[in-house]
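Have a look at the structure below before the remarks.
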Amino acid sequence: MHTGSIPVCNIGLFNDNATKFWMGNLNGLNHKYPVLSKPHKHNFYVFIVVNNGEADVQIDGQKISVSNASVIIIAPGCINTIAFSEESSGTIICFAEEFFSLRYNNNILNQFSFLQREANPFASIADDHSTRIERLLAALSEEYLQQKRESEKVIRSYLNIFLFEIERLYNPVATIKKFSVRQEKLHHFQQLVDRNFKDKKLPSDYADMLNVSPNYLNKICKEETGHTAGELIRSHIAVEARRLLHYTNFSVKEIADKLGFGHSSYFITFFKKQTLQTPELFRKTHNI
């Protein structure tokens, strides 16, 4: 169902006193928070661990159905809907990036393979991991509910261990590598694109913000991702365009304006070049 605008939720949705971290169980979650079953964005990370029952999730148009011993990961900024069966049980963990980085740092968070842009947003939990994760979540929940002295620091430590357990599901053998200076620069570039793509669409704009030359920025992007800086910027804009076409009833002209195009004809040409479809055709074929 289309909406005129996509609500952006913060963690206060779940509890007025929650600002950076919240966790709860899945039972009755959709009834308590009906906004979850409608298209929305959130500005925090969501990890859903399903122990029993089923969950149907849509993330940026990708439909995911999971059941029993699975984990779903939703990154900030994605348009998503979440629906659980009545018999579903499990845990939902929500945290803002700054909550984690208070003790660790963004570099560590960004090195987890399941948080990379192209990673699958779900995984099955193998039997040998299931018990470990259940015990870890029980300890995390107890600490969260009791709120003892220095509880936030303990919660952050448990959260870090939880993320490493999830990493083991994705990469059973591999180890997390430290970011190189080049990778850090690339990540900073991607963050800047996320925040500024409406007004800044040229690699030279971001090179200036990063205090590097356009050639150096392009070299980093090409060697680390296989794509040029310009391609990464255009890809991001195309993703935002697809979100708006799929989830809203804004006209093509309105979407062009929201994405910073001076005229709708420029947006149509851009979108067709990126997707091989006109915006109208994309909307028609993806909203059946």
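Looking at the range 113-122, is at least one residue more than 17 Å from the chain's Cα centre (by Cα) and without any contact (Cβ under 8 Å) to a residue 12 or more places away in the chain? Scanning the range 113-122 turns up no residue that is more than 17 Å from the chain's Cα centre (by Cα) and without any contact (Cβ under 8 Å) to a residue 12 or more places away in the chain. Of all residues in the range 69-105, exactly one satisfies the criterion of being aliphatic (A, V, I, L, M), in a loop (DSSP other than H, G, I, E, B), surrounded by 15 or more Cβ atoms within 10 Å (Cβ to Cβ) and more than 14 Å from the chain's Cα centre (by Cα), namely 69.
Filtering the range 158-179 for residues that are closer than 18 Å to residue 233 by Cα and in contact with a Lys or Arg (Cβ under 7 Å, 6 or more places away or on another chain) leaves an empty set. Annotation note: of 192, 145, 137, the sole residue that is buried (at least 17 other Cβ atoms within 10 Å of the Cβ), in a helix (DSSP H, G or I) and of a type in the set (A, V, I, L, M, F, W, C) is 137. Residue count for the range 6-56 satisfying the condition of being in a strand (DSSP E or B) and either in contact (Cβ under 8 Å) with a residue 60 or more places away in the chain or not aliphatic (A, V, I, L, M) (or both): 16. Is at least one residue of the range 183-197 touching a helix residue (DSSP H, G or I) at 6+ places or on another chain (Cβ under 9 Å) and over 21 Å from residue 109 (Cα atoms)? Checking the range 183-197: at least one residue is touching a helix residue (DSSP H, G or I) at 6+ places or on another chain (Cβ under 9 Å) and over 21 Å from residue 109 (Cα atoms). Taken as a whole, the structure leaves residue 232 outside the set of residues that are in the same structural domain as residue 267 (by TED's automatic domain parsing), at pLDDT below 90 and at negative phi. The set of residues in the range 233-259 that are part of a loop (DSSP other than H, G, I, E, B) and surrounded by 16 or more Cβ atoms within 10 Å (Cβ to Cβ) comprises 250, 259. Scanning the range 6-41 for residues that are under 16 Å from the mean Cα position of the chain (by Cα), under 16 Å from residue 94 (Cα atoms) and among the aliphatic types (A, V, I, L, M) yields a total of 3.
The values are calculated or read from the model by the stated rules, or taken from the named source; none is laboratory data. What you see is a predicted model; the values in this text were computed from it and never measured. Glycine gets a Cβ as well: all are built from the backbone with ideal geometry, and neighbour counts include every protein chain shown.
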